[in-house]
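Reviewing the structure listed below.
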Amino acid sequence: MLPLLIYNLCFPLVFLGMLPGLARRMMRRGNYRRKFGQRFGRYDEATRLRLADGGRVWVHSISVGETLLALRLIRQMRELEPGLRVVLSATTSTGFALAEENASEWLEAVYNPIDAWALARRALNSIRPERLIFIEAVWPNLLAQAAARGIPTALVARLSPRSERRFRQFRFLTGPIFRLLDVISVQEPDDVRRWESLGAEAEQLHVTGNIKFDQPARRDERAEQFRALLARLSVPADAPVVLGGSTFPGEEGMLARICGRLRREFPKLFLIAVPRHVERATEAAAEITEAGLTFALRSAEAERTAPPDCLLVNTTGELRAWYELATVVYIGKSMSPAATGGQNPVEAVFAGRPVVFGPHMENFRAVVSRMIGETAAMEVRDEAGLEEAIVGLLREPQRREEMARRAMGIVAAHEGATERTARVVMGVGENC
């Protein structure tokens, strides 16, 4: 196939160009040496023995967000087929750590092999999956070799505008690769047309909804513990709280400057900043300090002697509970000069909180467009607009409640998406 030939000719050059950045990221996150050989399709003897009898479903993930989605899908697949055994692979060390935390006698966690032809073949020879399910991104060599072996394949798809533009530009290359998939699970009815325009065929496409939005509107038990933590930091129970969720460079400083100014009107106002990557805690702390606020670290809050202006959450897996303590939520990665695409607003919505975001929510454009159109969220252009939005919401409790209620109604349409997706990917190769 010509597209694969071109891909394999270009892959070494692209990989070498990306290698310095990948190496820096691996070293920054640490623990990169552990199981390093798995990236080359090499597994230790104990892993080979566990995989020896094959017959597993291989779920191919990338980083933490995709692995969380994969775990939800896998649990649903196990409900449909209780004896199911799974290999869950990830690309990043943080994604692998999450997969490994959930490993069991029926779930094996491994690293993704580099998508070179020989390495993909070696990994397939070791894992010998009965199905291969990609989460949000396809590895062309791995897909092509699985298809050649008659292994049913599926993609749980997310199509951002940026990816769509890139795929359309190179449709002559990507279209044939997408057509190797047996099933593409898409989130919205409009996605069918978009994928067909990229070369996918109608019979591959199944509208299942967004798994990330298929969440129960329930309380997180940790919220009360975190409320007690705020009390220890001398944050009054009636203090308004602005929370920046999954923030990127520049956004912590922006929120700190806004909160510093707004404290003239709301003297009890408290900021909670939750960076998307915990390794940025030092950088985020410098931004907050430069803006004139004091802070406590989540990991060392007991060390504070004076009440801080801000809590900097430098731990992972807690964002859902922190949302429940917010008065207004700003969704990160939507206004940072360092990144675009936005972060998932749905956890904040299910926590019953009004959300505000910047102009760059491309990764969630379908749902945020509905939210904006139905006055269920606020999109702002810059720091001044964000300050205006926050102050307006702080002044009007009823408006906050109405926004949150309308947003809840919009995302509730995706209820059941996990089960629908599981049924589609489990039915790969059958009439589903």
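Charges were assigned to the Cβ only: +1 to each Lys and Arg, -1 to each Asp and Glu. The resulting dipole of the chain about its Cα centre is roughly 920 debye.
Sequence gap at least 6, Cα distance under 8 Å: using those rules, report the relative contact order of the chain to the nearest whole percent. Before the final figure, lay out the partial values.
On the way: 783 pairs, mean separation 60.2, N = 432.
Dividing the mean separation by the residue count of the chain yields 14 percent.
Lys and Arg at +1, Asp and Glu at -1: add these up for the other residues within a Cβ distance under 13 Å of Val367 and post the number.
Working: positive: Arg158, Lys212, Arg365, Arg370, Arg406; negative: Glu188, Asp190, Asp191, Asp214, Glu347, Glu362, Glu374, Glu379.
Residues close to Val367 contribute a combined charge of -3.
Across Gly416, Gly342, Gly385, mean-square fluctuation computed from a Gaussian network of the chain (C-alpha pairs under 10 Å connected) peaks at Gly385.
Put simply, the amide H of Leu311, placed in the peptide plane, has neighbours under 5 Å in Leu271, Ile272, Ala273, Ala296, leaving out anything fewer than 5 places away on its chain.
Under the simplified labelling scheme, the Asp382-His360 pair shows an inter-label distance of 1.6 nm, with each label point 7 Å from Cα along Cα→Cβ. Solvent-accessible surface (1.4 Å probe) assigned to Thr94 amounts to roughly 50 Å². Carbon-plus-sulfur accessible fraction, the chain (probe radius 1.4 Å, protein heavy atoms only): 53%.
Expressed to the nearest 5 percent, the antiparallel share of DSSP beta bridges inside segment 279-397 is 0 percent. Helix 383-395 axis versus longest C-alpha principal axis of the chain: approximately 60°, rounded to the nearest ten. Database remark: amide H of Glu108 closer than 5 angstrom to the amide H of Val86, Val87, Leu88 (H placed geometrically; neighbours at sequence offset of 5 or more, or on other chains; Pro and chain starts carry no H).
Can you give the relative contact order of segment 83-135 as a percent, counting alpha carbon pairs under 8 Å and 6+ residues apart? Please report the intermediate quantities before stating the final value.
On the way: 43 pairs, mean separation 16.8, N = 53.
Here the relative contact order equals 32 percent.
In the chain, the longest principal axis of the Cα atoms and the axis of helix 64-80 are about 60 degrees apart. Taking amide H as placed 1.01 Å from N in the peptide plane, the amide H of Leu205 sits under 5 Å from that of Ile184, each at least 5 places away or on another chain. In percent, rounded to a whole number, the relative contact order of segment 171-210 is 51, using alpha-carbon pairs under 8 Å and six or more apart. The longest part of the chain holding none of the exposed loop trypsin sites (Lys or Arg not before Pro), meaning those outside H, G, I, E and B in DSSP with at most 10 other Cβ atoms within 10 Å, is 34-217. In the complete set of protein chains, residue-level accessible area for Cys310 is approximately 0 Å², probe 1.4 angstrom.
Computed from phi, the 3J(HN,Hα) profile of segment 248-256 under the Karplus parametrisation 6.51, -1.76, 1.60 (θ = phi - 60°) reads 10, x, x, 7, 5, x, 4, 5, 5 Hz, with x in place of Gly and Pro.
What's the angle, to the nearest 10 degrees (0 to 90), between helix 222-232's Cα axis and the longest principal axis of the chain? Rounded to the nearest ten degrees, it is 40. At a probe radius of 1.4 angstrom, the accessible area of the chain per residue rounds to 44 square angstrom.
For the chain, modelled as a GNM whose springs connect Cα atoms under 10 angstrom apart, the maximal fluctuation among Asp191, Asp238, Asp214 occurs at Asp238. Evaluating 6.51 cos²θ - 1.76 cosθ + 1.60 at θ = phi - 60° for every residue in segment 121-134, the Karplus couplings come out as 4, 5, 5, 5, 5, 7, 7, 6, x, 8, 8, 10, 10, 8 Hz, glycine and proline recorded as x. Across segment 291-297, rounded Karplus estimates of 3J(HN,Hα) from the backbone phi angles (6.51 cos²θ - 1.76 cosθ + 1.60, θ = phi - 60°) give 7, x, 9, 9, 9, 10, 7 Hz, Gly and Pro being marked x.
The values are calculated or read from the model by the stated rules, or taken from the named source; none is laboratory data. Here the structure is a predicted model, which is why all the values come from computation and not from measurement. Cβ atoms come from the backbone with ideal geometry, glycine included; neighbour counts cover every protein chain shown. With ligands, DNA and RNA removed, areas are computed over all heavy atoms of the protein, side chains included. Shrake-Rupley method; radii C 1.70, N 1.55, O 1.52, S 1.80 Å.
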